[in-house]
Every structure is written in C-alpha cells, then in structure tokens.
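Written below as structure tokens is the structure these notes are about.
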Amino acid sequence: MGRGGRTRAGGGQQRRWSADPRATPIDSEHDVRFTRTRRLIAADPSLLAEYNAIKIAHYGAATERYEAHKSVFFDRLVGRSPGTEQAD
C-alpha cells in the first residue's frame, strides 16, 4: 500500500512495541475477516465462549497449533453471510 493510504493502526501515537506491529489496509481481505469475526463474536456469547476455549486449550502450546485452530474457527465464521449468523 502506498503512502497516505488508510489503515487501522494506533492513531498516530508513538509507542514502544515488543513485537513487530503491522497496519492493515481498510477493506482488505484481512480487515474484512477481522471485523466480521469480531462483530460475530461480540454479538454471540456462545462464539465468545468457543473462542476463549480455543485460547485456553492452546495456552502454553506451540503458537502454530493455536494459529491453525483459530484459523479454522475464523474461516467458519467468515463463511457466514452477514445477517444469517446461526448456530451450526
């Protein structure tokens, strides 16, 4: 993305990071995936509980295993059409 593009980032505040932060272009595939899953999880306590269970189950485990399990969960959520969020 070129300079001046819109991104989701820390609002221009300078911070010291222990990680390598990345900005996500608005309306990119990653942004749509994140915002859709965030809305679905926030609106459905059972999805929040399921997501928390994934995090708890992988606490202290290899990051790759957690990321793979989380990706399957998010893929399932992203596959839902907006307005048709129903239990599987």
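Odds and ends about this structure:
- Reported count of residues in the range 25-76, each being surrounded by 13 or more Cβ atoms within 10 Å (Cβ to Cβ) and of a type in the set (D, E), is 3.
- Test: V72 is of a type outside the set (D, E, K, R) and modelled with pLDDT under 90: no
- Among the residues making up the range 35-46, those that are more than 13 Å from the chain's Cα centre (by Cα) and touching a residue at least 24 places away in the same chain (Cβ under 8 Å) are A43, D44, S46.
The values are calculated or read from the model by the stated rules, or taken from the named source; none is laboratory data. The structure displayed is predicted, hence computed values, not measured ones. As a convention, Cβ positions derive from the backbone with ideal geometry for all residues, glycine included, and neighbour counts pool all protein chains shown.
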